[in-house]
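Have a look at the structure below, then the notes.
The values are calculated or read from the model by the stated rules, or taken from the named source; none is laboratory data. Here the structure is a predicted model, which is why all the values come from computation and not from measurement. Backbone-built Cβ (ideal geometry, glycine too); neighbour counts: all protein chains shown. Note: areas computed on protein heavy atoms with side chains; ligands, DNA, RNA excluded. Shrake-Rupley method; radii C 1.70, N 1.55, O 1.52, S 1.80 Å.
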Amino acid sequence: RPIRFIDFETVSPTVPLYKGPSPREMIPFQWSCHSLGSDGTLGHSDYLASGESDPRREFIDSLLRAVGSAGPVLVYSGYEQTTLRRLTVLFPDLEPQIDDLISRFVDLLSLIKENYYHPGFKGSFSIKRVLQVMVPGCDYSDLAIGEGETASATFVDIVEGRLGEDELDDVLNDLLEYCKRDTEAMVRIWQRLESIAANGES
C-alpha cells in the first residue's frame, strides 16, 4: 500500500464568501496528495475549488476518493484533522469515512519533534525550516506563492473577482504549485528520516 501525504489550504473570511457559512468559518478550498509506493514511485493528485460556489462538499468527496481506504496518511500538525472534524458536522453522512481517514493519520511534525533535532532548526519546526535543514537545496524560493496566508488571500481575490481573465490561469497554477510543494516537502523529509534510521546518520 502506498504512503500518502496530504495538505490542505483553507480560508476563514470575516465576511462569508458564500451563502451559508458564518463569519470566520473555516472553508477548505484546496488539497494536495502525494502517494509514495513501496518501490519508490511517486504519484500526485490535487483539488482546487473554482471559487464559484461553496467548495466544501466537493473538497471532501474528492479527497476521500484520492486517499483510498487503507494505508497510512501523513499530515504535518493537527490542522488537517481539525478541518475534517468540522466537515463531519456539516456532512454527517460522511462521518464514518472521515473518521476512518483520521484514524490512519500519522503526524510527521510529532515524529520529528520526538525523534530528531538539528541546530539549524533554530527552535522552529515549521515545514519550511525543517525542509531546508534536512534536505539542503529544497525550499520554496522559486514559487510565486510561498506561504499559506498568501494562498488564502489569493483565493479570496479569485472568489471576489479581483483578478482579470489574463491573470487567472497563472494564479490558479501558482496555488496548485504551492500546495503541491507542501506535500512534496513532506515526502522528502520522510525519506530523509528513513535514511537516517537505516544508516544511523545524524
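Once neighbouring chains are kept in place and the probe is 1.4 Å, which whole percent of the accessible area of region 1-69 is contributed by carbon and sulfur?
Numbers: 1460 of 3210 Å².
So the carbon and sulfur contribution to the accessible surface is 46 percent.
Taking just the alpha-carbon atoms of the chain, what radius of gyration and Dmax come out, in angstrom?
For the chain, the Cα radius of gyration and maximum Cα-Cα distance read 17.4, 55 Å.
Compute the signed sum of charges (Lys and Arg +1, Asp and Glu -1) over the other residues within less than 13 Å, Cβ to Cβ, of Pro16.
Values: positive: Lys19, Arg24, Arg56; negative: Glu25, Asp54, Glu160.
Around Pro16, the surrounding residues sum to 0.
Which log10 I(q)/I(0) values does region 94-202 give at q = 0.13, 0.19, 0.23 Å⁻¹ under the Debye formula, counting every alpha carbon as one identical point scatterer?
-0.66, -1.02, -1.19
Calculate for the chain the 222 nm mean residue ellipticity that helices alone would give, adding -39,500 (n - 2.57) per DSSP H run of length 4 or more and normalising by residue count, nearest 500 deg cm²/dmol. Spell out each step's value before the answer.
Numbers: 7 runs with 96 residues, N = 202.
Mean residue ellipticity, 222 nm, calculated: -15500 deg cm²/dmol.
Name the residue from Phe155, Cys138, Ile196 whose Cα lies farthest towards the positive end of the charge dipole of region 121-202, charges +1 on Cβ of Lys and Arg and -1 on Cβ of Asp and Glu.
Ile196
Of Asp100, Asp170, Asp107, which has the most accessible area and how do the rest follow, probe 1.4 Å? If you can, show how the numbers build up before the last one.
Details: Asp100 70, Asp170 100, Asp107 45 Å².
My answer, sorted largest first, is Asp170, Asp100, Asp107.
How high is the relative contact order of the chain, in percent, with contacts defined as C-alpha pairs under 8 Å that are six or more residues apart?
This gives 23 percent for the chain.
If you place +1 on the Cβ of every Lys and Arg and -1 on the Cβ of every Asp and Glu, how big does the dipole about the Cα centre of the chain come out, in debye to the nearest 20?
Numbers: 19 positive and 33 negative charges, 179 e Å.
With only Lys, Arg, Asp and Glu charged at Cβ, the dipole is about 860 debye.
Would you mind counting up the charge near Arg85? Only other residues with Cβ under 12 Å from its Cβ, with Lys and Arg at +1 and Asp and Glu at -1.
Details: positive: Arg86; negative: Glu80, Glu95, Asp99.
Charge balance in the 12 Å sphere: -2.
Over the Cα atoms of region 1-55, what radius of gyration and what Dmax do you get, in Å?
Radius of gyration, then largest Cα-Cα span, for region 1-55: 15.2, 47 Å.
Name the lysines eligible as straight-distance cross-link partners of Lys128: C-alpha to C-alpha under 28 Å, and not fewer than 8 places from it in the same chain.
Cross-link targets: Lys113, Lys180.
Using the heavy atoms of the protein chains alone and a 1.4 angstrom probe, what is the accessible area of the chain per residue in square angstrom? Numbers along the way, then the final one.
Details: 10160 Å² over 202 residues.
In whole numbers, the chain has 50 Å² accessible per residue.
Show me 54-66, 80-92 ranked by packing, highest mean number of other Cβ atoms within 10 Å first.
Those peptides, ordered most packed to least, come out 54-66, 80-92.
Where does each of Trp31, Trp190 land when they are ordered by accessible area, with a 1.4 Å probe and the largest first?
Numbers: Trp31 10, Trp190 50 Å².
The most accessible residue leads, giving Trp190, Trp31.
Could you pull out every one of the aspartates and glutamates with an alpha carbon less than 18 Å from that of Lys122, ignoring same-chain neighbours closer than 8 positions?
Partners within reach: Glu114, Asp139.
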